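Undergrad: My questions all concern the structure below.
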Amino acid sequence: MNKYEVMFIINPELGEEDTQSVITKFKDMISAAGEVDNLIEWGKRRLAYLIQDFAEGYYVIIDFASGSDFPMELDRVMKINDNIIRHMITKKEE
């Protein structure tokens, strides 16, 4: 099991309930393939530049451990989710 961190920005126009359902969806997906170490919600923050015509976004960071093939699947699912405006998955050094 390798350690990873995923940071993603959720569409700021979603309601609070919809935002939490997006977070829960990805948390559950990660839990099914590995284990969630830490989940941090930064909340709405101003973006440095416009992304898909949004000036702000809802930031979430999840630290997790999983097999080496799971991050590619997580990346694929986040790319096709319309509520995620940007994401980045990084492998942590041990």
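The values are calculated or read from the model by the stated rules, or taken from the named source; none is laboratory data. Only a predicted model underlies this, so the values are computations on that prediction, with no experimental measurement involved. Positions of Cβ are generated from backbone atoms using ideal geometry, with glycine treated the same way; all protein chains shown enter the neighbour counts.
Undergrad: Name every residue in the range 75-90 that is β-branched (Val, Ile, Thr), assigned to a helix (DSSP H, G or I) and either within 9 Å of residue 26 (Cβ to Cβ) or modelled with pLDDT under 95 (or both), in order of residue number. I'd like the intermediate steps shown before the answer.
TA: Here is the first cut: in the range 75-90, the residues β-branched (Val, Ile, Thr) are 77, 80, 84-85, 89-90.
Checking which are assigned to a helix (DSSP H, G or I) leaves us with 77, 80.
Passing the criteria: only 77.
Undergrad: Are there any pairs with C-beta distances below 6 angstrom linking a residue in the range 1-12 that is aliphatic (A, V, I, L, M) to a residue that is buried (at least 16 other Cβ atoms within 10 Å of the Cβ) and part of a strand (DSSP E or B), with the two at least 6 apart or on different chains, and if so which?
TA: Every condition considered, the pairs that remain are 1/65; 6/62; 6/89; 9/57; 9/59; 9/85; 10/58.
Undergrad: Quick one: residue 72 ticks every box in (1) without any contact (Cβ under 8 Å) to a residue 12 or more places away in the chain; (2) part of a strand (DSSP E or B) bar one, so which box is it?
TA: Status for residue 72: all satisfied but (2).
Undergrad: Starting from residues that are buried (at least 17 other Cβ atoms within 10 Å of the Cβ) and touching a helix residue (DSSP H, G or I) at 6+ places or on another chain (Cβ under 8 Å), keep the ones in the range 61-73 and report whichever is farthest from residue 37 (Cα to Cα).
TA: 70
Undergrad: Can you tell me which residues in the range 14-42 are within 12 Å of residue 65 (Cα to Cα), not β-branched (Val, Ile, Thr) and not in a helix (DSSP H, G or I)?
TA: If the condition is that a residue be within 12 Å of residue 65 (Cα to Cα), not β-branched (Val, Ile, Thr) and not in a helix (DSSP H, G or I), then 34, 35, 37, 38 are the ones that fit.
Undergrad: In the range 44-65, is there at least one residue being touching a Phe, Trp or Tyr at 6+ places or on another chain (Cβ under 7 Å) and among the polar types (S, T, N, Q)?
TA: There is no residue in the range 44-65 that is touching a Phe, Trp or Tyr at 6+ places or on another chain (Cβ under 7 Å) and among the polar types (S, T, N, Q).
Undergrad: With the requirement that a residue be exposed (fewer than 15 other Cβ atoms within 10 Å of the Cβ) and under 18 Å from residue 75 (Cα atoms), what does the range 1-20 give you?
TA: Within the range 1-20, 1, 2 qualify.
Undergrad: Which one of these is at pLDDT 95 or above and either over 18 Å from residue 17 (Cα atoms) or in a strand (DSSP E or B) (or both): 56, 93?
TA: Details: 93 fails: at pLDDT 95 or above.
Every option except 56 fails the conditions.
Undergrad: When residue 58 is evaluated against the numbered criteria (1) surrounded by fewer than 17 Cβ atoms within 10 Å (Cβ to Cβ); (2) closer than 26 Å to residue 13 by Cα; (3) touching a Lys or Arg at 6+ places or on another chain (Cβ under 6 Å), which criterion, by number, is the only one it fails?
TA: (1)
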